[in-house]
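Below: the structure, in structure tokens.
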Amino acid sequence: MQRIFGDPGSEWFTPGFPAIEPTIARLVEQFSPRVVFTRFVAPAEPRGAWIPYYEAWPFALVPPTDPLYELSPMFAGLHLPTVTRETFGKWGPELAGILGDSAEMVLAGVSTDCCVLSTALAAADAGMHVRVVEDACAGLTDFDHERAIGAMALYTPLIQITTAAAIGAEGA
């Protein structure tokens with residue numbers, strides 16, 4: 001839930017971002033303090049396939065401390081763990097370490113067709129049961145969101161597609 005995806009002036013603006021912000025805020029409230037935010041940042045020096053990627057998106061080649069990469073104002077003041085990576089997927093030793101012995105995670109955010117998808121698949125491969133909150137995710141387009149949800153649904157029972165209402169009914 002970063003400014004780079006939520007600011008309408010950003011080249012990476014995700015149109016569904018404003019609509020899911022309140023839903024994610026409710027999930028954060030429900031699960032706090034067991035919430036981890038993730039941040040995508042550009043590398044200081046892109047390598048491999050990332051070189052042409054950042055040639056297409058040079059505006060994003062700014063330091064991780066740039067305001068573009070901050071959490072959106074709704075979440076910026078919360079003192080919760082944050083995992084920062086230079087990859088779309090955020091599953092790795094940092095996130096696994098924060099989750100500890102937990103065998104399940106609830107996943108939401110932007111963009112469904114990029115960071116959410118990449119994180120969910122890697123976490124599921126690592127043996128984590130992933131519950132993707134469909135109405136707390138937004139893709140670049142509604143079509144892309146639905147395609148990503150459909151792809152993740154193929155991984156049932158490793159990945160379960162759910163809704164904020166279903167999660168809320170369960171309690172934290």
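Amide hydrogen proximity for CYS137: with H placed 1.01 Å from N in the peptide plane, the residues at 5 or more positions away or on another chain lying under 5 Å are GLY109.
Distances between placed amide hydrogens fall under 5 Å for VAL106 paired with ARG131, all partners being 5 or more residues away or on another chain. For segment 1-40, the square roots a ≥ b ≥ c of the C-alpha gyration tensor eigenvalues yield an a/c of 1.5 or more together with a/b not exceeding b/c, which makes the shape oblate.
Given the rule -39500 (n - 2.57) for each run of at least 4 DSSP H residues, summed and divided by the residues of the chain, what is its mean residue ellipticity at 222 nm, to the nearest 500 deg cm²/dmol? The partial results should precede the final answer.
On the way: 8 runs with 65 residues, N = 172.
Result for the chain, helices only: -10000 deg cm²/dmol.
With the highest mean first, a sort of the peptides 38-51, 108-121, 130-143 on other beta-carbon atoms found within 10 angstrom per residue produces 108-121, 130-143, 38-51.
Mean separation of Cα pairs under 8 Å and 6+ residues apart, divided by the residue count of segment 42-172: what relative contact order is that in percent?
Values: 149 pairs, mean separation 24.2, N = 131.
Worked out over segment 42-172, it gives 18 percent.
The distance from the alpha carbon centre of segment 118-156 to that of segment 1-45 is 16 Å, rounded to a whole number. Answer with a single label: of (1) 15.5, 51; (2) 15.3, 45; (3) 18.9, 63, which was calculated as Rg and Dmax of the Cα atoms in Å from the structure in view? Only one listed value fits the structure, namely (2). Couplings 3J(HN,Hα) of segment 124-137, computed from phi: 4, 4, 7, x, 7, 7, 10, 10, 8, 8, 3, 8, 10, 10 Hz, in residue order, whole Hz [Karplus 6.51 cos²θ - 1.76 cosθ + 1.60, θ = phi - 60°; x for Gly and Pro]. Distances between placed amide hydrogens fall under 5 Å for THR38 paired with VAL83, all partners being 5 or more residues away or on another chain. Projecting the Cα atoms of THR23, THR38, ILE149 onto the dipole axis of segment 3-170, where Lys and Arg carry +1 and Asp and Glu carry -1 at the beta carbon, places THR38 farthest toward the positive end.
Taking neighbour counts of Cβ atoms within 10 Å as a proxy for exposure, in what order, fewest first, do HIS79, HIS145 appear? Please list the in-between numbers first.
On the way: HIS79 7, HIS145 21.
Placing the least packed residue first, the sequence is HIS79, HIS145.
Each residue of segment 52-60 is assigned a 3J(HN,Hα), and the resulting list reads x, 4, 6, 5, 6, 10, x, 4, 7 Hz, derived from the Karplus form 6.51 cos²θ - 1.76 cosθ + 1.60 (θ = phi - 60°), x at Gly and Pro. Think of each Lys and Arg Cβ as +1 and each Asp and Glu Cβ as -1; about the Cα centre, that makes the dipole of segment 3-170 roughly 240 debye.
Counting neighbouring Cβ atoms within 10 Å and putting the fewest first, the residues GLU70, GLU11 line up as GLU11, GLU70. Computed 3J(HN,Hα) for segment 73-87, one whole-Hz value per residue from the Karplus formula 6.51 cos²θ - 1.76 cosθ + 1.60 where θ = phi - 60°, is x, 4, 10, 4, x, 7, 9, 10, x, 9, 9, 10, 9, 8, 10, glycine and proline marked x.
Since every read-out is calculated from the coordinates, none of them should be taken as a lab result. If you're wondering where the values come from, they're calculated on a predicted model, not measured in any experiment. No Cβ is skipped: glycine too gets one built from the backbone with ideal geometry, and neighbour counts run over all protein chains shown.
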